[in-house]
Amino acid sequence: MQMTFRWYGKNDPVTLEKIRQIPGVTGIVSAIYDVPVGEAWSLERIMQLKKEVEDAGLTLSVIESVPVHEDIKMGCGDRDRYIENYCTTLKNLAKAGIDCVCYNFMPVFDWTRSDLAHKLPDGSNALIYDDETVKKMNPLSGDLSLPGWDASYTKDDMRSLLEKYRSITEEDLWNNLKYFLDRVIKVAEEVKVKMAIHPDDPPWSIFGLPRIITNKKNIERFLKLYDSKYNGLTLCSGSLGVDAKNDIPDIIRTFCDRIHFAHIRNVKITGEHCFEEAAHKTDAGSLDIFEIIKAYHDCGFDGYIRPDHGRMIWGETGRPGYGLYDRALGAVYINGIWEALERS
């Protein structure tokens, strides 16, 4: 496996120089963040990003993410044009030597939390999700600012989007996902770029929107939509793990040959549809991180791994969930378990 680390570009306070100093981290996970969703990424811009990473002594390993336009998810409007642009981006990424793309198919909102700086008993702070709090949130109020909220949407844009989604069922979303895969995976096969869908986070409906990549049964259905090794998974332990019914080591062992990218993090389940993010160590949360890593090791996983969301510790401030210190501890913890498994 290759240990990687998420980097948000030049404005990220966690610099490439700092990331390079984390033992065992050799790869960078990043994206081009200023291209409008749905527009194609130019080869020139991709090569600029790659050069910046390589000049710092690291490798641009995974693109996370190439966003999927809402017209594609809703199956309307200019979806064919946006899919064609997506294919162009994949071709340009392949020319730059990129072989793995993470993406998601969550309507409107990406990963969502109710509090970005909940203070934990040890004095650190973490992202949490409280179901009752989220139910009281109004995405049309204009004052909601959370991960997954696209700040480019005006209140009118958001109202229009949510209104359109009222008529879209889970089955509609499945059909629109298949339409997307039927066109994109053919190109991915041609240029040898592994597509890796990220599970929905959290794995249940929010704000009345459908979500489908939520459990083992649905993952199996997803992989059968287009049966190709280039149609694969970003297996996120924290996203799926907040539902206690999801057995993460079992999911890994079942689908290991289709997992291209692994996000590893711990969560502490605090109630029905309630959780807080925790340190990576097993006893800090509700997930057995040792067994999760062992499952990857046992099935010979040779893809990309990164520590996922971390707490803010030691007085650090920055992008919620993406500070340096706790994620660095997570990377070293994961590498330590992997080394022990290799030696045994």
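The values are calculated or read from the model by the stated rules, or taken from the named source; none is laboratory data. In this text the structure is predicted, and so the values were computed from the model without any measurement. Neighbour counts run over all protein chains shown; Cβ positions are idealised from the backbone, glycine included. Remember, those area values only see protein heavy atoms, side chains included, never the ligands or the DNA or RNA. Shrake-Rupley method; radii C 1.70, N 1.55, O 1.52, S 1.80 Å.
A few notes on this one:
Conditions tested, residue by residue: (1) of a type in the set (Asp, Glu); (2) without any contact (Cβ under 8 Å) to a residue 24 or more places away in the chain; (3) crowded, with 20+ Cβ neighbours inside 10 Å; (4) within 22 Å of His263 (Cβ to Cβ).
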| position | (1), (2), (3), (4) |
| --- | --- |
| Asp34 | yes, yes, no, no |
| Val37 | no, no, no, yes |
| Ala56 | no, no, no, no |
| Thr59 | no, no, no, yes |
| Val62 | no, no, yes, yes |
| Asp80 | yes, yes, no, no |
| Ile83 | no, no, yes, no |
| Ile98 | no, no, yes, yes |
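- Taking the criterion of being at positive phi and open to solvent by less than 20 Å² (accessible area, probe 1.4 Å), the only residue of the stretch 293-321 that qualifies is Gly321.
- Segments classed as helices (runs of 4 or more DSSP H), wholly inside the stretch 1-107, with at least 1 members that are touching a Pro at 6+ places or on another chain (Cβ under 8 Å): 70-74
- Scanning the stretch 269-322 for residues that are over 18 Å from Ser239 (Cα atoms) and either assigned to a strand (DSSP E or B) or within 20 Å of the chain's Cα centre (by Cα) (or both) yields a total of 6.
- Cβ pairs under 7 Å, 6+ apart, first in the stretch 109-120 and more than 18 Å from Ile313 (Cβ to Cβ), second part of a strand (DSSP E or B): Ser114/Ile128; Ser114/Tyr129
- Inclusion of Phe222 among residues that are touching a helix residue (DSSP H, G or I) at 6+ places or on another chain (Cβ under 7 Å), in contact (Cβ under 8 Å) with a residue 40 or more places away in the chain, part of a helix (DSSP H, G or I) and closer than 28 Å to Tyr322 by Cβ is not warranted.
- None of Gly123, Gly148 is at pLDDT 90 or above, surrounded by fewer than 19 Cβ atoms within 10 Å (Cβ to Cβ) and not in a helix (DSSP H, G or I) except Gly123.
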